[in-house]
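Visitor: Quick one: this structure, given as structure tokens, is what I'll be asking you about.
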Amino acid sequence: MPEAMAARIVGEPTRWEAGARLMRADSPQAWATLNQTADAPRDNREAIDQCRTVAEKTVKPVRCPVEIRPPRA
């Protein structure tokens, strides 16, 4: 219940959006880092899926080449 109250207080429609707004307001740099970190798996979904398949078949760790974008300004 406190989470729903927080969402209402900050004026966001969902608890998820309220949490994001609070994190962004508290630490813009940490928020930017979190978002950049979340981009890598999304941007490399196909390569990661292929590497996961190989790892499952070989039952060994595999190196997985990924592309990392520069931070958004």
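Visitor: Scan the chain and hand back the longest stretch that contains none of the trypsin sites (Lys or Arg not before Pro) lying in DSSP loops with at most 11 other Cβ atoms within 10 Å.
Guide: 1-62
Visitor: For the full complex of protein chains and a 1.4 angstrom probe, list 9, 48, 68 by accessible area with the highest value first.
Guide: Ranked from most to least accessible, the order is 9, 68, 48.
Visitor: Let me ask something else. Take the Cα atoms of the chain, build their convex hull, and give its volume per residue in Å³.
Guide: In the chain, the Cα convex hull volume per residue is 144 Å³.
The values are calculated or read from the model by the stated rules, or taken from the named source; none is laboratory data. Computed from a predicted structure; not experimentally measured. Please note: Cβ atoms are built from the backbone with ideal geometry, for glycine as well, and neighbour counts cover all protein chains shown. What goes into the accessible areas is simple: the full protein's heavy atoms, side chains included, and nothing from ligands, DNA or RNA. Shrake-Rupley method; radii C 1.70, N 1.55, O 1.52, S 1.80 Å.
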